[in-house]
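Enquirer: My structure is below; once you've seen it, I'll send some questions.
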Amino acid sequence: MTKRVVALTFHDIAADAAVTAEGSDPFYRIRLSEFETLVSQLRQRGYQTVSSKFFRAWQQHAASLPQRSVMLTFDDGYASHFDAVVPLLVRHRFTGTFFIAVDLVGRPGYMTWEQLRKLVFLGMEIGSHGLSHRPLTEVSPQELRRELEESKRLLDERLGIHVQAMSAPRGFWNRTVANATTQAGYDAVWVSTIGTNGQETSPSALRRVVVRQPFSADRIISMVDGWHMAFWWAANQQFMIRLLKRTLGVYWYEQLKRRLVPNA
Ligand SMILES: [Zn+2]
């Protein structure tokens, strides 16, 4: 069977007593206990985690994938990633890719530069999630360049790394953004299009499965296992969201979501 990799996307992971970060979306927030269940089930099923860098090496025939591979990605740089996620990953000998929105570093509820340095030390991969977390399809060409280049430069300099991956803020992405990303020196763009990734998948539109409410570990595991019906179900949900975003535009979509999701 041809190998495919499923990349899961997480946002804020809420521990019981945790302070919720400003901008943390209840639709995308899952509980720490839910995350723990998922991680231990993946472990039990013999999954090993791969980074974006490792995945790209495999795409270029420079590395071979473990028998059962999964990619764990975390967007926005929430403090809960440092407090709850990383200790859990380390305990399971798992690795994660953390996409950081640079302007949010150090804000209440988000990781500090010091914490990000510890992530690097613990073998976690850091990618860019832009500067301001604005949808990159909505900014001017100059701002687009700045979002991509400046976020990479700051992460590289302050963490002593070489950032190669980026994830599109709020999942907004198009051809212009993809081209600008390559020009800015990235070799992988992770988006929110649902699906699996093979050797043929374009590195400027790598697919991810966003883990959101209502949470079901079984459904996520079915997708990681490559069960097609689970993808079909999730793709339908995603299609509706995309259709709403496109017809309403960013502003009205956010307004609608606020009405539909309690406590948003
Ligand atoms: Zn984000």
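Let's see how each residue does on (1) in contact with a helix residue (DSSP H, G or I) (Cβ under 6 Å, 6 or more places away or on another chain); (2) modelled with pLDDT of 90 or more:
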residue	(1), (2)
Trp173	no, yes
Ile194	yes, no
Gln199	yes, yes
Leu206	no, yes
Pro214	no, no
Ile221	yes, yes
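Enquirer: Are any of the residues in segment 105-114 under 26 Å from Arg153 (Cα atoms) and aromatic (Phe, Trp, Tyr)? Quick ask: steps written out before the conclusion?
Expert: First pass over segment 105-114, keeping only residues under 26 Å from Arg153 (Cα atoms): 105-114.
Checking which are aromatic (Phe, Trp, Tyr) leaves us with 110, 113.
Within segment 105-114, one or more residues are under 26 Å from Arg153 (Cα atoms) and aromatic (Phe, Trp, Tyr).
Enquirer: Before we move on, is Ser167 closer than 21 Å to Arg242 by Cβ, modelled with pLDDT of 95 or more and away from the ligand (no atom under 16 Å from the Cβ)? Show your work before the answer.
Expert: Numbers: closer than 21 Å to Arg242 by Cβ: yes; modelled with pLDDT of 95 or more: yes; away from the ligand (no atom under 16 Å from the Cβ): no.
So Ser167 fails the test.
Enquirer: May I pose another question? Take the conditions under 19 Å from the mean Cα position of the chain (by Cα) and at negative phi and apply them to Gly127. Does it pass? Outline the logic, then answer.
Expert: Numbers: under 19 Å from the mean Cα position of the chain (by Cα): yes; at negative phi: yes.
So Gly127 fits the description; yes.
Enquirer: Right, next: Counting just the residues of segment 122-147 that are more than 15 Å from the ligand (Cβ to nearest atom) and part of a helix (DSSP H, G or I), which one comes out surrounded by the most Cβ atoms within 10 Å (Cβ to Cβ)?
Expert: Leu144
Enquirer: Do we have any residue at all in segment 170-187 that's more than 27 Å from Gly106 (Cα to Cα) and under 15 Å from the mean Cα position of the chain (by Cα)?
Expert: No, because not a single residue in segment 170-187 is more than 27 Å from Gly106 (Cα to Cα) and under 15 Å from the mean Cα position of the chain (by Cα).
Enquirer: Taking segment 40-80 on its own, how many of its residues are among the hydrophobic types (A, V, I, L, M, F, W, C) and closer than 21 Å to Ile194 by Cβ? Before the answer, list the steps.
Expert: First, pick out the residues of segment 40-80 that are among the hydrophobic types (A, V, I, L, M, F, W, C): 42, 50, 54-55, 57-58, 62-63, 65, 70-72, 74, 79.
Subsequent filtering for residues that are closer than 21 Å to Ile194 by Cβ retains 42, 50, 55, 58, 65, 70-72, 74.
Residues that pass the stated criteria total 9.
Enquirer: Still on this structure: So which of Arg207, Arg212, Arg153 is away from the ligand (no atom under 15 Å from the Cβ), touching a residue at least 12 places away in the same chain (Cβ under 8 Å) and not β-branched (Val, Ile, Thr)?
Expert: Testing whether each residue is away from the ligand (no atom under 15 Å from the Cβ), touching a residue at least 12 places away in the same chain (Cβ under 8 Å) and not β-branched (Val, Ile, Thr) leaves just Arg207.
Enquirer: Provide a single number: the residues in segment 89-130 that are touching a Ser or Thr at 6+ places or on another chain (Cβ under 8 Å), of a type in the set (A, V, I, L, M, F, W, C) and more than 20 Å from Phe54 (Cβ to Cβ).
Expert: 3
Enquirer: While we're here: Being of a type in the set (D, E, K, R) and within 23 Å of Phe82 (Cβ to Cβ) is the filter here, so list the residues in segment 108-149 that pass it.
Expert: Step one: filter segment 108-149 for residues of a type in the set (D, E, K, R), giving 114, 117-118, 125, 134, 138, 143, 145-147, 149.
Within segment 108-149, Glu114, Arg117, Lys118, Glu125 qualify.
Enquirer: When you scan segment 74-121, how many residues do you find that are away from the ligand (no atom under 14 Å from the Cβ) and not polar (S, T, N, Q)?
Expert: Residues meeting the conditions: 25.
Enquirer: Can you name every residue in segment 206-222 that is closer than 22 Å to Ala168 by Cα and buried (at least 18 other Cβ atoms within 10 Å of the Cβ)? Explain how you work it out, then say what you get.
Expert: Initial filter on segment 206-222 (closer than 22 Å to Ala168 by Cα): 206-213, 220.
Passing the criteria: Leu206, Arg207, Arg208, Val209, Val210, Val211, Arg212, Ile220.
Yes or no, residue by residue, for (1) within 16 Å of the chain's Cα centre (by Cα); (2) in contact (Cβ under 8 Å) with a residue 12 or more places away in the chain:
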site: Ala57; (1), (2): no, no
site: Ser64; (1), (2): no, no
site: Gln67; (1), (2): no, yes
site: Leu72; (1), (2): yes, yes
site: His81; (1), (2): yes, yes
site: Leu89; (1), (2): yes, yes
site: Trp113; (1), (2): no, yes
site: Pro135; (1), (2): yes, yes
site: Glu143; (1), (2): no, no
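Enquirer: Quick check, is Val50 within 26 Å of Ser202 (Cβ to Cβ) and away from the ligand (no atom under 16 Å from the Cβ)?
Expert: Values: within 26 Å of Ser202 (Cβ to Cβ): yes; away from the ligand (no atom under 16 Å from the Cβ): yes.
The answer is yes for Val50.
Enquirer: Right, next: Within the bounds of segment 232-245, is there any residue that is crowded, with 20+ Cβ neighbours inside 10 Å and within 16 Å of the ligand (Cβ to nearest atom)?
Expert: No.
The values are calculated or read from the model by the stated rules, or taken from the named source; none is laboratory data. Everything numeric in this text was worked out from a predicted model, so none of it was measured. Virtual Cβ from ideal backbone geometry, glycine too; neighbours counted across all protein chains shown.
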